[in-house]
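The structure appears right after this line, and notes come after that.
The values are calculated or read from the model by the stated rules, or taken from the named source; none is laboratory data. Quantities reported herein were computed from a predicted structural model and do not represent experimental measurements. Every residue, glycine among them, receives a Cβ derived from its backbone with ideal geometry; neighbour counts consider all protein chains shown. Surface areas here come from the heavy atoms of the whole protein model, side chains and all, with no ligands, DNA or RNA. Shrake-Rupley method; radii C 1.70, N 1.55, O 1.52, S 1.80 Å.
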Amino acid sequence: MTRERDPFRIPRAGLEIAAIAGLTSIDINLNGGAINGGEIVAESTLGGMAVYAIYQTLLSGLRTEALRKRGAISRTVQIQMISTTVWESVKQGAAVSVLLGVLLLVFPWLSLPLSIMGMVGMGVASIELFNAFWDGLDAMQRAELHAASMEAGVNLRRFLNGDQPDVQFF
């Protein structure tokens, strides 16, 4: 897995979130579960769209906040960038969720492999979110966070490539 270094590139939700989005469903009519196939696909699609939207909002928000702090964009542009990327992600999430909903309707035994893939994907998504968060910090905040993590016994080096010249790794 490579770490994206371009500060002007907004990361997009991808395959790392697809499996968990396909397994997430939102009970539309609050009946405690789906009764027919159409309801299963609809609830799965709605859940997947929500997962994609939340994940993309976090990614875009963290990355654009870093750009806004650097003075590269204004708050208005930031909001516009977030809404545009979230809309594109929701459309992708709908397509993926419909496909996986139908697939799970026909082959329900695929839920176990998708669950395992979803856990791996959530790990990748967590690292992506951490990297977007880290990129938004200035040198002083990075040093303070690193010192606090060392005090707590957590080594941030495994999450970072170590090429941050403003932070001393011990």
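Rolling a 1.4 Å probe across all protein chains gives Trp87 an accessible area of roughly 150 Å². Extending 7 Å from the Cα toward the beta-carbon at both Met122 and Val154 defines two label points whose distance is 1.7 nm.
In this simple spin-label model, placing a label point 7 Å from the Cα along the Cα-to-Cβ direction at both Asn29 and Ile54 gives a separation of 2.5 nm.
Nonpolar atom fraction for segment 12-159, defined as the carbon and sulfur part of the 1.4 Å probe accessible area, stands at 70 percent. Distance between the 7 Å Cα→Cβ label points at Ile79 and Trp109: 5.2 nm.
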